[in-house]
Amino acid sequence: MQYTETEKRKLVNRLKRIRGQVEAMQAALDEDARCTALLQQATACRGALDGFIGTVIEHHIRRHLADPKQAAADRAQAAEELIGVVHSYLT
């Protein structure tokens, strides 16, 4: 199941903000910013990306795992896909 236009727009806007954060981090590096400033920006980027990932995981769970209209085999496949992605993210 695809994202609604509203969901997609929110995700795209979040990615644009993340891109802006990464570009600001690159500019700070080019300007020889302090290590602590770079680390703060990097952790902000990481937090924003983690929020994006969390939203996509939530969508996957709601649309493919928790939806009783989905066949059991489809839910099982969706669960295995999610397990693989989460495992690769955490390791």
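Structure summary
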quantity: Given charges at beta-carbon only (K, R positive; D, E negative), |dipole| of segment 5-90 in Debye; calculated: 320
quantity: Span-like helix ranges in the chain, DSSP H, alpha carbon extent 20 angstrom or more, Kyte mean at least 0.0; calculated: 35-60, 72-90
quantity: Helix-only CD estimate at 222 nm, as mean residue ellipticity for the chain, using -39500 (n - 2.57) per DSSP H run (n ≥ 4); calculated: -27500 deg cm²/dmol
quantity: Extended-chain gain in nm, criterion 0.36 nm per residue less alpha-carbon gap, Tyr89 and Ile53; calculated: 12.0 nm
quantity: Volume per residue of the C-alpha convex hull in the chain, rounded to whole Å³; calculated: 93
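Values quoted throughout were computed directly from the atomic coordinates according to the rules given, and no laboratory measurement underlies them. Keep in mind that this is a model prediction, so the values were computed, not measured. Ideal geometry is used to build each Cβ from the backbone, glycine not excepted, and the neighbour counts take in all protein chains shown.
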